[in-house]
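The values are calculated or read from the model by the stated rules, or taken from the named source; none is laboratory data. Model, not experiment: these values are computed from the prediction. Note that each Cβ is placed from the backbone with ideal geometry, even for glycine, and that neighbours are counted across all protein chains shown. With ligands, DNA and RNA removed, areas are computed over all heavy atoms of the protein, side chains included. Shrake-Rupley method; radii C 1.70, N 1.55, O 1.52, S 1.80 Å.
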Amino acid sequence: MLYVILAIILSAILAFYRVFKGPSLPDRLVAMNSIGVMFLLVLVLLSYYFERKIFLDVALVYGISLFINVLIMAKYLKIPWKG
Amino acid sequence: MKKKLLTFVLTFVLWFVLAGRFNIQVFLLGTIICSIISLMMAENLFRLIQMKDGTKDFPKKLYYIFMVIIAFIYDVFLSAFKVSRHAFEMKPSFSPRLVSVQTSLENSNSMATLVHFFTLPQGALAMDFDDIYKEYVIHWIDVDSDDEVEGKKTLILKHENLIAKIFD
Amino acid sequence: MINIVFYLLLLFLIITAFFMVFTKDLSNSVITLPLFGAILVIIFVILQAPGVALAGAIMTAGLTTAFFVITINKTEY
Amino acid sequence: MIDFLPSIRQLFAFVFFITGIYFLLSTAVGLIRFPNLYTRLHAGSKCLMAGGISVFMGCIALEGISFVSLKLIIILAFLLITNPIAIHVIAKFDNNYNLIPKVYTKEDFEK
């Protein structure tokens, strides 16, 4: 079980390169969405490793919060004013 | 009245799944909360769904819903394998292009559901929708020529017929 | 074995915090803020504290980012 | 016969976890190596959801039939509904500002 968690966190660190050096703003948004879903999978797998089923509620609440974040950022965030 | 009763039953089942145990305190609290929710916002929840067409022959539609879910998961794995094969190549070789596809669906629910079936199972990405001509603007990956576009449009029609049997 | 995951998460936390402070554009640092909150939630789960993790998942990863984004939209930067 | 059924379950969970790791790694590599925004959207939607489905199916195969697997199915259905909406919203957010010209040729990708 722990090797799966280790591989998912390594792939999240690899995907952080696109947040670090994205040419435009939607690139960073796509990378943020991907890393968020990967962390949700890590939360589900950790609840199986510790065998405490209350940690699934944390995963459910975090999934709702991630979706609201992406929607609000896509609506209100604008390209900076140049000139 | 039918809407409020349906909302009460659905939220009560969801409450027991999320609670995870049967108890007298859980039962009383769930009854109070679900009755408040079903009295207040039952009208807003089912504003877009036509209830009269939905419950006509329900056991026949259950079979089609099962078929849609099986086709959905199979095609997701197929298209994800195609995209992930491009990622590990030495030189990434694909030829994307923008195509507009016209639908023949009438209901607004089915047109909104079809966007999920463009994005995940096909190798496509729905970008925009034109209300007047009923056209989706789609971004394909790995399409080489115009003949291949016509071949891939027949794949969409398979999902379109299944959705039309559920909602209409 | 769980120590390796824990130290890797702490390193990732430091990377996101440094990127969030030292970048030039303001919207780039706002996008990195929910990742910071998510790593804090996973660290709280590893340290066996589900109540703090629930509060963190609502506040740090959810509401604070929404308030910052709406504030940046209102002021013409 | 007693020890036969859990070993089958462990085997199914192992296969599902291996496919999940493959798709998630391909998501990260695709996000780095693809040259354009829309192709990155392809990598961010399809490979990610295939990895998520396989990891959740592995957890359900490890658990059996109980309330916990019902809760896992609810989280999976929520993820399957909301992730295409997020990808579609990001594509439309880019489409409003015309960051990238709309018609590509094959020579653009070979440089």
Q) Taking +1 at the Cβ of each Lys and Arg and -1 at the Cβ of each Asp and Glu, which of B:129, B:109, B:95 sits farthest along the dipole of the stretch B:56-167 towards its positive end, judged by Cα position relative to the Cα centre? A) B:109
Q. What does the convex hull of the Cα atoms come to per residue for the protein assembly as shown, in Å³?
A. 191 Å³
Q. Could you give the radius of gyration (one decimal) and Dmax (whole number) of the Cα atoms in the stretch B:2-47, in Å?
A. 10.9, 34
Q | Listed residue pairs exceeding 21 Å between alpha carbons, taken from B:61/B:82; B:61/B:158; D:46/D:71; B:134/D:92; D:46/D:92 | A | B:61/B:82; D:46/D:71
Q) What does the average come to when, for each residue of peptide C:30-38, you count the partner chain Cβ atoms lying within 10 Å of its Cβ? A) 6
**Q.** Two-site label geometry, residue A:20 and residue C:22: point separation in nm, points 7 Å out along Cα→Cβ
**A.** 1.1 nm
Q | Dipole moment magnitude, nearest 20 debye, chain A about Cα centre, only Lys, Arg, Asp, Glu C-beta charged | A | 380 debye
Q.
If you scale each eigenvalue of the Cα gyration tensor by 5 and take the root, what three semi-axes come out for chain C, rounded to whole angstrom and sorted largest first?
A. 26, 16, 5
Q. How big is the accessible area of residue C:29 in square angstrom, nearest 10, if you roll a 1.4 angstrom probe over the protein chains?
A. 20 Å²
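Can you give the net charge of the other residues whose Cβ lies under 14 Å from the Cβ of residue A:11, counting K and R as +1 and D and E as -1?
+2
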(Q) Suppose every Lys and Arg Cβ carries +1 and every Asp and Glu Cβ carries -1, with no other charges. What dipole size does chain B come out with about its Cα centre, to the nearest 20 debye? (A) 1020 debye
Q: Evaluate the distance, in nm, between pseudo-label points positioned 7 Å from the Cα of residue B:43 and of residue B:18 along their respective Cα→Cβ axes.
A: 2.5 nm
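Can you list which of the DSSP-assigned H helices in chain B have a Cα extent of 20 Å or more along the long axis and an average Kyte-Doolittle score of at least 1.6? List each step's numbers first, then the result.
Details: long enough: B:2-19 (26 Å, 1.54); B:24-40 (25 Å, 2.30); B:58-87 (43 Å, 0.98); B:146-167 (32 Å, -0.33).
Helix filter hits for chain B: B:24-40.
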Q | Protein heavy-atom accessible area occluded, D/A pair - total, 1.4 Å probe, Å² | A | 3500 Å²
Q) Looking at the P(r) of the stretch D:4-108, how many percent of alpha-carbon pairs lie beyond 18 Å? A) 61 percent
Q) Quick one: length gained pulling residue B:2 to residue B:106 fully straight, 0.36 nm per residue minus the C-alpha distance? A) 34.9 nm
(Q) What does the buried accessible surface come to for C and A, summed over both chains, with the probe at 1.4 Å? Round to 100 Å². (A) 3600 Å²
Q | Within the protein assembly as shown: Cβ-based charge dipole about Cα centre, in debye rounded to nearest 20 (Lys, Arg +1; Asp, Glu -1) | A | 740 debye
**Q.** Exposed GluC sites (Glu not before Pro) absent: longest stretch of chain B, with sites in DSSP loops and at most 16 other Cβ within 10 Å deemed exposed
**A.** B:1-88
Q) Given just the C-alpha atoms of chain B, how large is their convex hull per residue in cubic angstrom? A) 166 Å³
Q | Förster radius 22 Å - calculated FRET efficiency between residue C:48 and residue A:3 (Cβ-Cβ, nearest 0.05) | A | 0.55
Q: Using the heavy atoms of the protein chains and a 1.4 angstrom probe, tell me the accessible area per residue for the stretch D:4-108 in square angstrom.
A: 43 Å²
(Q) Please compute the average number of Cβ atoms from other chains found within 10 Å of each residue's Cβ in peptide A:2-10. (A) 6
Q. Hey, what number do you get for the protein assembly as shown at 222 nm if only DSSP H runs of n ≥ 4 count, each worth -39500 (n - 2.57), divided across all residues, to the nearest 500?
A. -24500 deg cm²/dmol
**Q.** Per-selection metrics, the stretch A:2-76 (Cα): Rg and Dmax in Å
**A.** 13.9, 42
